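Input: a single structure, listed below in structure tokens.
Coordinate-derived values only; no laboratory data. Here the structure is a predicted model, which means the values were calculated and not measured. Reconstructed Cβ throughout: ideal geometry from the backbone, glycine too, with neighbour counts over all protein chains shown.
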Amino acid sequence: MKVQVLVRLKEGVLDVQGKAVEHGLAGLGYEDIGSVRVGRLVEFDVDCGSFAEAKDRASKACEALLANTIIEDFEIREPAA
Amino acid sequence: MNISLIVFPGTNCDHDIEYSCGDVLGHTVTSYWHSDAEIGSPDIVIVPGGFSYGDYLRCGALAKISPVMKEVEKFAQSGGPVLGICNGFQILCESGLLPGVLLQNTSRRFLSRFVSLKVESKNTFFTSHLSEGDVFECPVAHFDGNFYIDPSGLSELEENNQVIFRYCDQNGSVEPECSLTNPNGSLGAIAGISNKKGNVVGLMPHPERAVDMLVSMIGGRTGNALSRQTEVNRELFSFQA
């Protein structure tokens, strides 16, 4: 079962990378783009029968390793077919 | 003292520890590899700096799940003294032995320079022979040294006297908003902390790189700062009770 995990810094945590990208975009003339946040997309297969099960496993994997929940939130998605 | 030194793929400050703690201070230093399921019977464990596992995923995230860290955790939980420097600090935070996390420097730059540090607590095995309020110079070298913790975590740290070093100016004045004296933007200018018990300590600066006069602030600032700061950095690693 394919799963996508989106890991993002929590709101209020300074996103230094996002700031750098925002400045870069502004330098290219994209001053209309603001509030840039950079996250991480992790894709994997879970060997199980349903997405609900896969989601549960993925959630545990996030808590154990994929996200640091002090600073990051994660969202588990079923990839579009 | 017997020191067990924990080495991961990408660790690069292990030789600095061997030199400072072994050659200069006369401790016995034994290295353990990330895949080892034992750490000997040390008096102290040191997790040195570097870029364990290439900083993949997050700094320290992959190191925390390596077999050797299980042993370090057991040692720490039984009250054994554990010191994490730079990447070692990041690893101890990721593994939950220390609270908080290290974010990217607010300057978006890799910082490689000397900083002034103020001793805030002598309540740990690492700082017990210093004086609170002592100011000394120490090198830093990191991209992710911006200490962060949520507000309740921060008040807990402060209440329990777990902040052990803060970045400051040469006179010991701490100004968290000042990018010169708090160069990575750490919350409260925090440079080093301990756990509640005081047996686990982490700091971003590298005192092990400043125990030798040859590489300590030559061409440095004020007159006696040079010899005094080498002395303080050595005292840190003397590990006397």
* **Other-chain or far-sequence residues with amide H under 5 Å of residue B:191's (modelled H)** => B:165, B:166, B:167
* Asked: What is the Cα radius of gyration of the range B:54-184 over 2.2 N^0.38 Å, N being its residue count?
  -> 1.07
* Structure fact -> Inter-part gap, Cα centre of the range B:141-156 to Cα centre of the range B:125-139, in whole angstrom, is 20
* Quick one: Debye curve from the alpha-carbon atoms of chain B only, equal weights, vacuum; give me log10 I(q)/I(0) at q = 0.08, 0.12, 0.17 Å⁻¹ to two decimals. => -0.25, -0.59, -1.29
* Asked: Dipole magnitude of the range B:2-236 about its Cα centre, charges +1 at Lys/Arg Cβ and -1 at Asp/Glu Cβ only, in debye to the nearest 20?
  -> 260
* Structure fact -> Over all directions, the range B:61-117 yields a Cα convex hull whose mean projected area in nm² is 5.0
* Asked: Tell me, what ³J(HN,Hα) does each residue in the range B:37-53 have, in order and in whole Hz, if you take phi through Karplus 6.51 cos²θ - 1.76 cosθ + 1.60 with θ = phi - 60° and put x for Gly and Pro?
  -> 9, 8, 10, x, 10, x, 7, 9, 10, 10, 9, x, x, x, 9, 4, 6
* Asked: Applying the Karplus parametrisation 6.51 cos²θ - 1.76 cosθ + 1.60 with θ = phi - 60° to the phi angles of the range A:3-16, what ³J(HN,Hα) value in whole Hz is obtained for each residue in order, glycine and proline being reported as x?
  -> 9, 10, 10, 9, 10, 10, 5, 4, 4, x, 8, 4, 9, 5
* Structure fact -> For the protein assembly as shown, the convex hull over Cα atoms projects on average to an area in nm² of 18.9
* Local electrostatic count, residue B:32, Cβ distance below 11 Å [Lys/Arg +1, Asp/Glu -1] -> -4
* Percent of Cα-Cα distances greater than 15 Å, calculated over the range A:2-77 -> 60
* Length-normalised contact order for chain B - Cα pairs under 8 Å, 6+ apart - percent -> 19
* Of all DSSP beta bridges in chain B, what percent run antiparallel (nearest 5)? -> 60
* Name the residues whose placed amide hydrogens come within less than 5 Å of the amide hydrogen of residue B:32, ignoring near sequence neighbours (fewer than 5 apart) on the same chain. => B:5, B:6, B:7
* **Distance from the range A:7-43 to the range B:15-62 (C-alpha centre basis), Å** => 35
* By the scheme Lys and Arg +1, Asp and Glu -1, what is the net charge of all other residues having a beta-carbon under 10 Å from that of residue B:92? -> -1
* Net dipole in debye of the protein assembly as shown [+1 Lys, Arg Cβ; -1 Asp, Glu Cβ; about Cα centre; nearest 20] -> 160
* For residue B:68, what is the net charge nearby, where nearby means another residue's Cβ is under 15 Å from its Cβ and Lys, Arg count +1, Asp, Glu -1? -> -3
* To do: Neighbouring Cβ atoms within 10 Å as the yardstick, rank B:168, A:48, B:138 fewest first.
  => A:48, B:168, B:138
* Please report how many Lys pairs in the protein assembly as shown have alpha carbons closer than 18 angstrom, counting only residues at least 8 apart along the chain or sitting on separate chains. => 9
* Rounded to the nearest 20 debye, dipole of the range B:25-153 from Cβ charges on Lys, Arg, Asp, Glu -> 320
